[in-house]
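Readers should treat all values here as calculations from the given coordinates under stated rules, not as data from a laboratory. Since this is a predicted model, take the numbers as computed values, not measurements. Quick reminder, even Gly has a Cβ in these numbers, built from the backbone with ideal geometry, and neighbours come from all protein chains shown.
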Amino acid sequence: MASKHVQLVQVLFYNVSAEDNMHCKYLRPIGLTAIAWLSTALGPVFAQGILPPGDLAFLEDLTRDVVEASRVRPGEKIGAIGPNVTGGTVIRPGGRDCYPAFWIRDYAMSLESDMVTPEEQRHMLLLTASHQQDDEWPLPSGSVVTPGSIPDHISFGNKPIFYPGTLEDYEGQGGPRWGKLPCLDDAFFFVHMATQYVESTGNVEILSELVREKTLLTRLQEAYAMPPSRADTGLVYADEESRGVTFGFVDTIIHTGDLLFCSLLKLRAAEELARLAEFENEPELVKRYTGESMRLRTAIEETFALDDGLYRASTGKSAQPDVWGTAFGVYIGAFSAERTRAACERLAGAYRDGTLAWRGNVRHVLTTDDFSATTAWESTDVPVNRYQNGAYWGTPVGWVCDAIAQVDAEAAAQLAAEYVAELREGDFRKGPEFGSPWECMHPDDNHRQNPVYMTSVTCPLAAFRRILSEQSTH
């Protein structure tokens, strides 16, 4: 049997003949040298067959068109919303009428797809930095925007909105439903935006650029320090009375106690800040953030790991085993080798027994881990099997495929094939009655929500490319 590294190439390609390689449009992203090596060294593996030739090219073309549909250039409106007066192009979470504002996390999560120009990246990075909160801001709703906070989204009218639940109500944002504090994850996605820009462009000087009298690097550090964190472990937490959203893709779910996903984002941000500090020749900062990442790595495993291999989402309310958090932790290398293996085995088993995915899309919680017969998560007002409470999403598919492939390449390839098949069938470019990539879906009543949704393709594309790149080096 081929190694997992060789097997995983099958997730993207199969039946690659010499004639296919001569044309090889769909293999172009990995480079002609890599193609020649792969076709020579791995011919027998390709011949086994997993996905039809051209699926990666299809996914790249679809993603490019989705990102283009999500762009809002200066002066443009989306329906009656706008115009965009931010001073540059912004990218919203999807096309058509989907989420007409600039959402920080969706954009940051899409950067690794390489579909955003350096000029666009620079504008949206500095736009986000310009709206970071410097002073405490009590809101009429009872919520409080604390120093260092990063907006949840920014309106086309250039107003920062720090909470879910409203598109552009600047004065009325917040309230008990959404937590006392702003969304916590955006602080770490801001760090990710800066790191992606600096490392992809080589423009280190931007870290010293002043944004409202503070350098960008200072603002990144203040964002990193904003989410409440345990003094001993560094884990991000949410108390009932001073709660913030752990991750925007579960912002309708109430999580309390120590928070898995936000702590994983903090771990990645610590590693990224250490790299940025190296660019700035700041050895003490390198040491600080390296130490932070090591402490978080230990605490995450000790606090959230379950015996079956998954990681629980939190230690208080809605502490169900978290599929997305577990897969993302594997993807960013947050777990030990032993725990990574256990997580991958559990996800692979869940896929094989049908409790994880439907039509190539993935649930937040396995169907066997629902809190009750009437809800997937313990604390939410969303109906079961809708939206974040049990629907199936495209966003985490690449993370899950990456994990499953480490123990069962055939199962990972099957999940990837199902994912692409759904996109081909529902491809929004076929006409207004089609909507793939959808934000989420469920078989009950053939439920579909929010068409032309960006992270449903940008995140899997980035993961599949990375998988293929890793395999080509083995």
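In this simple spin-label approximation, residue 470 and residue 137 carry label points 7 Å from Cα along the Cα→Cβ vector, and these lie 4.0 nm apart. Which of 214/287; 214/317; 180/214; 159/430; 159/214 have a Cα-Cα distance over 32 Å? Violating the 32 Å Cα-Cα cut-off are 214/317; 159/430. In a reduced charge model with +1 at each Lys and Arg Cβ and -1 at each Asp and Glu Cβ, the range 321-474 shows a dipole moment near 420 debye about its Cα centre. Seen from residue 277, the other residues with C-beta closer than 13 Å to its C-beta sum to a net charge of -4, counting Lys and Arg as +1 and Asp and Glu as -1. Across the chain, C-alpha contacts under 8 Å between residues 6 or more apart give a mean separation that, scaled by the residue count, equals a relative contact order of 15 percent. Dipole of the range 309-443 (Lys/Arg Cβ +1, Asp/Glu Cβ -1, origin at the Cα centre): which of 404, 350, 326 lies farthest to the positive side? It is 326. When 364, 123, 442 are arranged by Cβ crowding within 10 Å, least crowded first, meaning fewest neighbours, the order is 123, 442, 364.
The GluC sites (Glu not before Pro) of the range 278-316 include none that DSSP puts in a loop with a beta carbon having at most 11 other beta carbons within 10 Å.
Among 210, 276, sorting on how many other beta-carbon atoms sit within 10 Å of each Cβ, with the fewest leading, yields 210, 276. Taking each DSSP H run with n ≥ 4 as -39500 (n - 2.57) and averaging over every residue of the chain yields -13500 deg cm²/dmol at 222 nm. For the range 231-352, pairs of C-alpha atoms spaced more than 24 angstrom apart make up 30 percent of the total. Calculated from the structure at hand, Rg and Dmax of the Cα atoms in Å is found among (1) 22.8, 71; (2) 20.3, 60; (3) 21.5, 67 as (3). For the chain, the dipole from Cβ point charges (+1 on Lys and Arg, -1 on Asp and Glu) about the Cα centre works out to 460 debye, to the nearest 20. Toward the positive end of the charge dipole of the chain, with +1 on the Cβ of Lys and Arg and -1 on the Cβ of Asp and Glu, the farthest Cα among 393, 436, 261 is that of 436. Taking 7 Å steps out from each Cα toward its Cβ at residue 379 and residue 213 produces label points 3.9 nm apart. Projecting each Cα onto the charge dipole of the chain (Lys/Arg +1, Asp/Glu -1 at the beta carbon, about the Cα centre), which of 293, 384, 454 comes out farthest on the positive side? Among 293, 384, 454, the one farthest towards the positive end of the dipole of the chain is 454. So, R0 is 45 Å and r is the distance between the beta-carbons of residue 203 and residue 445; what FRET efficiency does that work out to, to 0.05? Step by step, r from the Cβ atoms, then E = 0.40.
Neighbour counting of Cβ atoms within 10 Å sorts the residues 255, 131, fewest neighbours leading, into 131, 255. How high is the FRET efficiency between residue 337 and residue 167 when r is their beta carbon distance and R₀ equals 51 Å, given to the nearest 0.05? It comes out at approximately 0.70. For residue 298, the shell of other residues with beta-carbons less than 15 Å away shows a net charge of -2, using +1 for Lys and Arg and -1 for Asp and Glu. Peptides 328-338, 144-154, 344-354 ranked from most to least packed by the mean count of surrounding Cβ atoms within 10 Å: 144-154, 344-354, 328-338. Residue separation of residue 315 and residue 353 scaled by 0.36 nm, minus their Cα-Cα distance, works out to 11.0 nm of gained length. Magnitude of the charge dipole for the range 239-317, about its Cα centre and with charges confined to Cβ atoms of Lys, Arg (+1) and Asp, Glu (-1), is about 60 debye.
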